[in-house]
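Please read the structure below before turning to the comments.
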Amino acid sequence: MPKKEVTAQKIHDHVERLGELYPPIPLSSVDFTVRDPEVLRSRYGHVLNYLARVELEVDRNVLEILAVIPGVGENDRFFYQDVWQPQEIQHGLILDQLCLEVGLPPSTPSLHIGLAHYLLGALAHWAPIQDVSRMMFYLSGASTERQAVLAYNSFTAGLKELGEDAIAESVVHPIKRQEPGHFAFYRMSAERLAARMRPWQMWLVQQLRGYSYNLVGTNGEERYKRDIGGLLVTFGLDRDIEAYAREIGRLEARLVWANRNGMEFPPYILDRMNESVELYREKGLYSVPERFDLEGHAVPRRTAEPLRTAA
Ligand SMILES: [Fe+2]
Ligand SMILES: [Fe+2]
């Protein structure tokens with residue numbers, strides 16, 4: 001349990017500060033100068049496509065929130081409507097533009113909402129279940145934001161190694177620095193809610209998380225699991241996958257499982273990671289598959305169109 005009590009006011013102030021600190025990034029402020037589009041596309045094209053799509057799916061995430069939390073509270077609304085959605089959609093538009101700049105296809109975000117969301121939403125008209133729904137929303141938000149930060153950290157390092165400093169500093173950095181504040185919102189909200197949840201509610205959260213946990217942007221679909229497996233391998237996160245699971249699952253292990261038997265991360269998180277990496281190794285990427293071999297080594301391919309490069 002957290003040492004200091006998290007109050008609604010504290011969460012509200014945090015969201016307000018995020019809104020003031022980080023206005024949505026205008027597309028016009030971004031420098032899309034790429035030194036070598038072909039190398040960037042070959043090495044990180046699949047990553048770029050994946051991240052752009054996930055960011056653009058923010059509108060689906062908003063619909064999911066509305067579906068699973070009938071009568072959403074003021075702090076939640078303030079966060080997702082006034083701060084989070086406007087920031088995230090710009091992340092998506094900027095990354096999507098970078099895809100186009102380096103000759104990748106535009107992203108195709110999925111706006112489909114699963115039946116489970118509607119079902120949970122229908123049950124959530126009963127207040128104790130609504131708390132369960134809200135906890136699910138906070139936990140998946142926290143997991144998602146943590147994955148985003150770590151992906152952007154790795155991406156920045158990779159871009160710098162390629163000498164793509166403009167892209168690292170003008171595209172990825174401004175996006176990356178907005179993500180920890182989102183994580184903090186979910187963490188504080190989950191901590192506050194956890195403090196008043198009954199054991200049966202927590203038990204239900206445990207069951208639902210175990211059943212429905214997915215890595216960011218996979219929506220439980222095999223094609224996206226293959227792609228995020230490729231992302232994990234490209235960033236070398238598969239080399240110490242337990243350390244990665246610990247980074248993503250620490251909060252959930254503490255809040256939902258009370259670190260039972262020394263648990264550092266819930267086992268389903270590691271399971272999903274291993275599953276994705278295995279699917280990738282077995283079947284390769286779903287998107288832009290022709291550019292990669294099964295080990296994740298890029299197979300560069302020339303494009304006919306002229307691309308913008310550094311002078
Ligand atoms: Fe984002
Ligand atoms: Fe975010």
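Looking at segment 120-261, I'd like the Rg to Rh ratio, where Rg is from alpha-carbon atoms and Rh is Kirkwood's inverse mean 1/r. Can you show the working numbers first?
Numbers: Rg = 17.0 Å, Rh = 16.6 Å.
For segment 120-261, the value is 1.02.
Per-residue extension of 0.36 nm, minus the Cα-Cα distance of D82 and N153, leaves a gain of 23.0 nm for this segment. Helix 222-234 axis versus longest C-alpha principal axis of the chain: approximately 70°, rounded to the nearest ten. In the chain, the longest principal axis of the Cα atoms and the axis of helix 85-101 are about 20 degrees apart. Angle of helix 241-255 to the longest C-alpha principal axis of the chain, folded into 0 to 90 degrees and rounded to 10: 20°. For segment 76-203, averaging the sequence separation of C-alpha pairs within contact (under 8 Å, six or more residues apart) and dividing by the residue count gives a relative contact order of 28 percent.
Which whole-number percent gives the relative contact order of segment 1-130, counting Cα pairs below 8 Å spaced six or more residues apart? Kindly include the intermediate steps, with their values, before the conclusion.
Numbers: 119 pairs, mean separation 48.2, N = 130.
Dividing the mean separation by the residue count of segment 1-130 yields 37 percent.
Above 36 Å, the calculated P(r) of the chain contains 17 percent of its Cα-Cα pairs. For N259, the residues whose amide H sits under 5 Å from its own are R254, ignoring neighbours fewer than 5 places away on the same chain, with H placed 1.01 Å from N.
Pairs K4/K225; K10/K160; K160/K283; K4/K160: which are spaced more than 32 Å apart, C-alpha to C-alpha?
Over 32 Å Cα-Cα: K4/K225; K10/K160; K4/K160.
Using the alpha-carbon positions of segment 93-171, Rg (one decimal) and Dmax (whole number) come out as 18.5, 55 Å.
Using 0.36 nm per residue, how much length does the chain from L27 to T108 gain when fully extended, once their Cα-Cα distance is taken away?
Numbers: separation 81, 0.36 × 81 = 29.16 nm, distance 1.90 nm.
Gain on extension, L27 to T108, equals 27.3 nm.
Take every Cα pair under 8 Å whose residues are at least 6 apart in sequence, average their separation, divide by the length of the chain, and the relative contact order is 25 percent. Label sites at I241 and Y118, each approximated as a point 7 angstrom past Cα along Cα to Cβ, lie 3.4 nm apart.
Coordinate-derived values only; no laboratory data. Bear in mind that the values here come from a model prediction, so they are computed numbers and not experimental data. Ideal geometry is used to build each Cβ from the backbone, glycine not excepted, and the neighbour counts take in all protein chains shown.
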